[in-house]
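Reviewing the structure listed below.
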Amino acid sequence: MPKLIAPSVLAADFANLQRDCEMLNRSDADWFHIDIMDGVFVPNISFGMPVLRDIIKHADKTIDTHLMIVDPDRYVKTFADLGCDILTVHYEACTHLHRTLQNIKAHGMKAGVALNPHTNVDLLKDVIQDIDLVCLMSVNPGFGGQSFIENTYSKVSELKELINKKGTGTLIEIDGGVTDKNAKQLVAAGADVLVAGSYVFKSSDQEKTVKELRELANS
Ligand code: DX5
Ligand code: ZN
């Protein structure tokens, strides 16, 4: 399977969201990465359902939704009804993670689990068979444009080893500070999906940046 690129819409121009969605549709991007923040789990608020509805209206690719919110079960049905394809919850925000994953799947979505930089991948050992995607945070969640945390490489390798040992086929996604400087090494360590916000949207030719990042990840 090719390595995938998921540009983070958080870094788009919110006054020109339709334009930026259409750019991603035309580009080599595989998924739309959508960051939902509640101002409680993370010290920032991004956007909510009305904005997500309009993004989905203009997006014609997989909608990869990253919930940085407490008690995400409250909104699983809402995100399913809006048309999300993948719903990722934070390990640190779920008391009953197994139940939450079943809930996401029962609503027809793929189930993802995100880990903060300090959270050890071994904590997923007894639930990895129920996870379609693990999102390893390579920055502390809450903001775009932060620097990549180097310790992520070893977490990717450890997680890849766990997935291979259990034979689950779970995808590994990396989120935060991804650029052309770390993409190749992340893929070499076992990453399948690279999220990139600022690196794509702050570049002068966004479509070209997506294309080059995807080529680099698959070279
Ligand atoms: C951070 C978000 C990321 C963010 C990535 O909390 O989960 O998806 O948008 O942005 P960059 O690529 O700029 O670090
Ligand atoms: Zn994210």
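The values are calculated or read from the model by the stated rules, or taken from the named source; none is laboratory data. The shown structure was predicted, so the numbers you read here are calculated from the model rather than taken from an experiment. Every residue, glycine as well, gets a Cβ built from its backbone with ideal geometry; the counts of neighbours run over all protein chains shown.
If I filter the range 191-207 for residues that are among the small types (Gly, Ala, Ser), surrounded by 14 or more Cβ atoms within 10 Å (Cβ to Cβ) and more than 25 Å from ASP13 (Cβ to Cβ), do I get at least one hit?
Checked the range 191-207: at least one residue is among the small types (Gly, Ala, Ser), surrounded by 14 or more Cβ atoms within 10 Å (Cβ to Cβ) and more than 25 Å from ASP13 (Cβ to Cβ).
Considering the range 99-126 alone, what residues qualify as being aliphatic (A, V, I, L, M) and loosely packed, with under 15 Cβ neighbours inside 10 Å?
Of everything in the range 99-126, those that are aliphatic (A, V, I, L, M) and loosely packed, with under 15 Cβ neighbours inside 10 Å turn out to be ALA106, LEU123.
What are the pairs with Cβ atoms under 7 angstrom where one residue, in the range 30-46, is under 17 Å from TYR91 (Cβ atoms) and of a type in the set (Val, Ile, Thr) and the other, located anywhere, is within 9 Å of ligand 1 (Cβ to nearest atom) and assigned to a loop (DSSP other than H, G, I, E, B)? Sequence gap at least six, or different chains.
Close Cβ pairs satisfying both conditions: ILE36/SER46; VAL42/PRO141; VAL42/GLY142.
Residue-by-condition table, conditions (1) touching a Pro at 6+ places or on another chain (Cβ under 9 Å); (2) among the basic types (Lys, Arg); (3) surrounded by fewer than 23 Cβ atoms within 10 Å (Cβ to Cβ); (4) in a loop (DSSP other than H, G, I, E, B):
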| site | (1), (2), (3), (4) |
| --- | --- |
| GLN129 | no, no, yes, no |
| VAL134 | no, no, no, no |
| GLY145 | no, no, yes, yes |
| ASN164 | no, no, yes, no |
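Restricting attention to the range 5-22, which residues are of a type outside the set (Lys, Arg) and either modelled with pLDDT under 95 or out of contact with any strand residue (DSSP E or B) (no Cβ under 7 Å at 6 or more places or on another chain) (or both)?
Listed by number, the residues that qualify are ALA11, ALA12, ASP13, PHE14, ALA15, ASN16, LEU17, GLN18, ASP20, CYS21, GLU22.
Which members of the range 6-29 meet the condition of being touching a Ser or Thr at 6+ places or on another chain (Cβ under 7 Å) and surrounded by fewer than 21 Cβ atoms within 10 Å (Cβ to Cβ)?
Within the range 6-29, just ALA11 meets the criteria.
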